[in-house]
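Taking it in order: structure first as structure tokens, then the write-up.
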Amino acid sequence: MQTILLINDDGIRSIGIIALRKRLKELGEVIIVTPRNEQSGMGKALTASTTIKVMKTRLDDGSEAYAVTGTPADAYFMAVNKILRRTPDLLVAGINLGPNLGIDDLLNSGTLGAALEAAIHGVPSIAVSYCIQEINERKGKSEVTLEELDLTATLAQKASKYVLEKGMPQGVDIISINVPEKAYSKRVKVTRLSYRGYGDIYAKQKDGYKIRSWSLTIYPDDEPGTDVHAIKGERSISVTPIKISFPHNKEELEDLAKVLIA
């Protein structure tokens, strides 16, 4: 039986975990190891200054899970080295309750942070996000229902089945799937990351600045073919292939190397 490791960044009580597990358990053994509390915006950060605790618990649907007092990337290491003690066949991160679009989200998202950590270690990785239009102090993630997440969970199941049977597509380390809020259409666009960063996301407080809300409006509009345009401009499901190897143009630094040793 194949093993699927399930991690999120919204915390152990997120309905996104329950929606994914419900679908993924049809494909193999699902092991849930995820932060105890919300870790949005942590990227691939690791906990270095405090002790990480691992607690066996149960989700709201009664299924077994492990909660860690760390980040999504910590959860990956705890799962592989302390709980499973082996490499899973697939990592699925999500369902993230909010968008994961563009280069800023790739580097900042805890959901994608878990996928990046797994991909670095050669584990096929799928990140799945439900693109809520706006999250603020009045409208939170707790209002999302299992019914709303059904399409997103079904798409994650189909993508996972594909990867488990055929392997990752050549040259792809992470598949990032974004689904518009309350999308009932199955119009899918294969996209590339938007390289336009966030707008001004900080609101003034009496003692400084804070991210008080999260909205699709923070992502600058981009051209067709990008993940941002698919979600904002077309309300299509966005499927983005991500490769984590970076180009190293060493030749362009030869002159600098000569300056450094002169």
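Read-outs: derived from the displayed coordinates by stated rules, not from any lab. From a predicted model like this one, the values you see are computed outputs, not experimental measurements. Ideal geometry is used to build each Cβ from the backbone, glycine not excepted, and the neighbour counts take in all protein chains shown.
Taking a straight line from the alpha carbon of LYS22, these lysines sit under 18 Å away, with near neighbours fewer than eight places off in the same chain left out: LYS158, LYS161.
Note that segment 237-243 has calculated 3J(HN,Hα) couplings of 6, 9, 10, 10, x, 10, 10 Hz, one per residue in order, obtained from phi through the Karplus relation 6.51 cos²θ - 1.76 cosθ + 1.60 (θ = phi - 60°); glycine and proline are x.
Amide H contacts of SER194: GLY102, ILE103, ASP227, VAL228, each under 5 Å away and 5 or more positions distant or on a separate chain (H built 1.01 Å from N in the peptide plane; Pro and chain starts excluded). Calculated from the structure at hand, log10 I(q)/I(0) by the Debye sum over Cα atoms at q = 0.08, 0.16 Å⁻¹ is found among (i) -0.32, -1.18; (ii) -0.32, -1.35; (iii) -0.28, -1.17 as (i).
Please arrange VAL68, VAL188, VAL163 by how many other C-beta atoms lie within 10 Å of their C-beta, fewest to most. Working shown, then result.
On the way: VAL68 27, VAL188 14, VAL163 21.
Least crowded to most crowded, the residues run VAL188, VAL163, VAL68.
One Cα centroid belongs to segment 210-226, the other to segment 83-123; the line between them spans 21 Å. Amide H contacts for ALA127 (H built 1.01 Å from N in the peptide plane; partners 5 or more residues away or on another chain; cut-off under 5 Å): ALA93, ILE175, SER176, ILE177.
For the chain, what proportion of DSSP beta bridges, expressed in % and rounded to the nearest 5, is antiparallel? Intermediate results must be reported in sequence, preceding the final value.
Details: 15 of 42 bridges.
If I count the DSSP bridges inside the chain, around 35 percent turn out antiparallel.
Using the Karplus relation 6.51 cos²θ - 1.76 cosθ + 1.60 with θ = phi - 60°, the per-residue 3J(HN,Hα) values for segment 163-175 come to 5, 5, 8, 10, x, 5, x, 4, x, 10, 9, 9, 9 Hz, with x marking Gly and Pro. For the pair segment 232-262 and segment 41-58, the centres of their Cα atoms are 29 angstrom apart.
What do you get for chymotrypsin sites (Phe, Trp or Tyr not before Pro) in segment 160-262 restricted to DSSP loop and a cutoff of at most 12 other Cβ within 10 Å of the site's Cβ? It would help to have the intermediate numbers written out before the result.
Numbers: sites: TYR162, TYR184, TYR195, TYR198, TYR202, TYR209, TRP214; in loops: TYR184, TYR195, TYR198, TYR202.
Of the chymotrypsin sites (Phe, Trp or Tyr not before Pro), the ones in loops of segment 160-262 whose Cβ has at most 12 other Cβ atoms within 10 Å are TYR184, TYR195, TYR202.
The ranking of THR34, THR145 from fewest to most other beta carbons within 10 Å of each one's beta carbon is THR145, THR34.
Sites listed here are GluC sites (Glu not before Pro) in segment 59-146 whose DSSP assignment is loop and whose Cβ has at most 11 other Cβ atoms within 10 Å: GLU137. Remark: segment 38-44, residue by residue, has Karplus-estimated 3J(HN,Hα) of 4, 10, 4, x, 8, x, 9 Hz, where x stands for each Gly or Pro and the curve is 6.51 cos²θ - 1.76 cosθ + 1.60 at θ = phi - 60°.
Note the full-extension length gain between LYS243 and ARG212 as 0.36 nm times their separation in residues minus their Cα-Cα distance, in nm to one decimal.
Using 0.36 nm per residue and subtracting the Cα-Cα distance, I get 8.0 nm.
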